Amino acid sequence: MLCSLGVLVHTKGTEHTAGLEDYKLEEAAVTEFVHKVAIVTDSTSSLTQAMGREYGVRVVPVYLTFGTQTYGDGVDLEAEQFYRLLRASKQLPTTSQPSIFDFVQVYTALSKQAEAIVSIHLSHKMSATLDSAWAAAKQLPDVPIHVIDSRSTSLGLGLMAIAAARASAAGQDAAGVVGLVEGLIPKMNVIFAVETLEYLRKGGRIGGATALLGIALSIKPVLYLKDGQVEPLEKPRTRKRAVERVLNLMAERVGSHETVHAAVLHCAAPGEAQALAEQVAARFHCAEVLTTEAGPIIGTHAGPGTLGVAFYSA
């Protein structure tokens, strides 16, 4: 079953990067792709700024701090530099949500052309990003802003934002776009294998997977997102078996004749990601298969070597 649209590969770190201040001054002024309903997400979606421009999604950077230096994810810190810093650092970097001002700035710029804004963000159980977005929306009462908890992250969130942008481009009004996204939330699947649970434990995003910590040294955990947080799924003992299970678990959730929108995410594992994307494209009836580096924020909490899939049936 071949993917009808082939495999689209996006790699973080290949496009031009600018300082965060440049992003705020320049990106907030760029509105040529804005439709009647503007779509906003955050960088935990694993969408680069270039991908955001391609699909018509405004990507607000989350912050990441190494020591005393703070970076905007995907703006002045890309994957290659991030993993170099991570390997050289004795402590994990800290992450923080975009500020209320960041969202006010983006919403204000978009409202100059759009009639409404749909702002879709990572699970409230994982971050306070939604709090900033909700607070910003309250400061702009004359702008219809719909803030949605995706109950997901990485490319689960990214696929929702892309679907919303496509609906907007097709002429859907805000109610239609919101309804589409709310319908996708329970259908979205994110399944991934990690090299170790250590990063999730240190970052506080481990959720129900804490039960695996006692045997973590002897397994290559397969995890998934359930109700907005990370939960354990299976406990294979080898990397090869873990990746096989990710693919087979996807097959268990996708009907044999269903069209699927899929994405492969990875943290510093491009070769394995490409191989997995090719298997997904060959095995399922795909409308699309996106492949991208998950990005510094996801890399901080999941760790290098993370490999997974996000998908939903059309």
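The values are calculated or read from the model by the stated rules, or taken from the named source; none is laboratory data. Treat the numbers as computed from the prediction; the structure is a model and nothing was measured. Don't worry about glycine lacking a Cβ; one is built from the backbone with ideal geometry, like all the others, and counts go over all protein chains shown.
List of remarks:
- Ala209 being crowded, with 17+ Cβ neighbours inside 10 Å, modelled with pLDDT of 90 or more and under 22 Å from the mean Cα position of the chain (by Cα): no
- Lone unmet requirement of (1) without any contact (Cβ under 8 Å) to a residue 60 or more places away in the chain; (2) on the phi < 0 side of the Ramachandran plot for Ser43: (1)
Conditions tested, residue by residue: (1) among the polar types (S, T, N, Q); (2) out of contact with any Leu (no Cβ under 8 Å at 6 or more places or on another chain); (3) modelled with pLDDT under 90; (4) not in a loop (DSSP other than H, G, I, E, B).
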{"residue": "Met1", "(1), (2), (3), (4)": "no, yes, yes, no"}
{"residue": "Lys12", "(1), (2), (3), (4)": "no, yes, yes, no"}
{"residue": "Thr44", "(1), (2), (3), (4)": "yes, no, no, yes"}
{"residue": "Tyr71", "(1), (2), (3), (4)": "no, no, no, yes"}
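- Within region 71-94, being more than 18 Å from the chain's Cα centre (by Cα) and of a type in the set (A, V, I, L, M, F, W, C) holds for Leu85, Leu86, Ala88, Leu92.
- Test for Ala263: is it small (Gly, Ala, Ser), within 26 Å of Gln81 (Cα to Cα), assigned to a strand (DSSP E or B) and modelled with pLDDT of 95 or more: yes
- Close pairs (7 angstrom Cβ cut-off, 6 or more residues apart or separate chains): under 20 Å from Leu64 (Cβ atoms) in region 115-141, of a type in the set (A, V, I, L, M, F, W, C) and surrounded by fewer than 24 Cβ atoms within 10 Å (Cβ to Cβ) anywhere: His121/Leu130; His124/Leu130; Leu130/Val147; Ser132/Ile100; Ala133/Val147
- Residues that are within 18 Å of the chain's Cα centre (by Cα) and part of a helix (DSSP H, G or I) within region 277-302 comprise Ala277, Pro296, Ile297, Ile298, Gly299, Thr300, His301, Ala302, listed in sequence order.
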